[in-house]
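Derivation of every value follows stated rules applied to the coordinates shown; laboratory data play no part. What you see is a predicted model, and the numbers here were worked out from it, not measured in a lab. Reconstructed Cβ throughout: ideal geometry from the backbone, glycine too, with neighbour counts over all protein chains shown.
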């Protein structure tokens, strides 16, 4: 259900008009979205690269780090895997590193070279090198820089959560100071400076967004950038879609009984077997329970070639809960495979706590 239409600023001094919401549509109470430069077309990418890599700045390579891996089964020893038809557990790994900055991984995306890029809620990019679809035991790390080139400091500025990569540019959503920023990693590496893409609202439908329950999820759906909020509002999850001339908000109902909970991750939209331009986005929800164990659900949401709404068609895919080996999963990425199935990657946030783990899971999913 779409609940609001807002105007965006295409450039800081140029606004674009859009239709006012109908009486049946809700509205964002405060902090209208602003600052979206453009959808990620060629001109927009050049502008982002120019601002993220100012003239005279040299590309800096991220810091190489070790990433130790230990394989982990999904189920305890002696219990057979019990997954839905069409779903297969490919592998699971506990990841550790001697580097003090490794941990707190929230958002995840796939890179063209097959490696994984993640963001830490301490304001860092962490690359996980892959070999034969498994962690290769090494990676890289770079702390995020602000628009002036200095490092982001503290949770207020550096609480990065969602990640979506397009054409060498990493788009990152932040909590506390709710916003989306872009970093030209391919062009500048660790020297990339942040470019503000959009501020995000502090409340939706009159409900204030908690500082630690903002845009955990971030994904591209064609040229629309979609930010999913962790905070649940009247049993629904808010997703803001940003394009070159407008923003809209839709509230997503749970896809089925037992599939509710805060929205914490979304994959970039991928094509389906349909020949009409239909796309699929995988969404991850998490119910955090440090005593009895976390419960995770994955749902598939469909959108057609012309409408990027995620609310019209959705199906449940998978539940993860004890006695399975689960932790604080917050990120999901997906790719389509030659046989038409989807490879899903999940990453967990250990909050830099010795009581939690950084887990990387891979599933193959075939949908009807």
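Structural remarks
- The ranking of 155, 77, 131 from fewest to most other beta carbons within 10 Å of each one's beta carbon is 77, 131, 155.
- All distinct Cα pairs of segment 210-368 go into the 1/r average, and the inverse of that average, the Kirkwood radius, is 16.0 Å.
- Protection proxy ranking, highest mean first, for peptides 283-294, 119-130: 119-130, 283-294, where packing is the per-residue count of other beta-carbon atoms within 10 Å, averaged.
- Segment 188-262 - Debye-derived log10 I(q)/I(0), Cα point model, q = 0.11, 0.21, 0.26, 0.28 Å⁻¹: -0.33, -0.99, -1.29, -1.38
- What the Cα atoms of segment 100-251 give is an Rg and a Dmax of 15.3, 48 Å.
- The GNM of the chain, with springs linking C-alpha atoms under 10 angstrom apart, assigns the highest mean-square fluctuation among 200, 163, 318 to 318.
- Shape of segment 82-159, Cα gyration tensor, a/c cut at 1.5: prolate
- The chain: relative contact order as a whole-number percent, Cα under 8 Å and 6+ apart: 18
- Highest average packing first - 263-276, 141-154, Cβ atoms within 10 Å: 263-276, 141-154
- As a size descriptor, the averaged projected area of the C-alpha convex hull of segment 300-368 was calculated at 6.3 nm².
- Segment 89-177: relative contact order as a whole-number percent, Cα under 8 Å and 6+ apart: 23
- Value of Rg/Rh across the chain [Cα atoms, Kirkwood radius]: 0.94
- Equivalent ellipsoid, segment 233-294 (semi-axes from 5 times Cα gyration tensor eigenvalues, Å): 26, 17, 11
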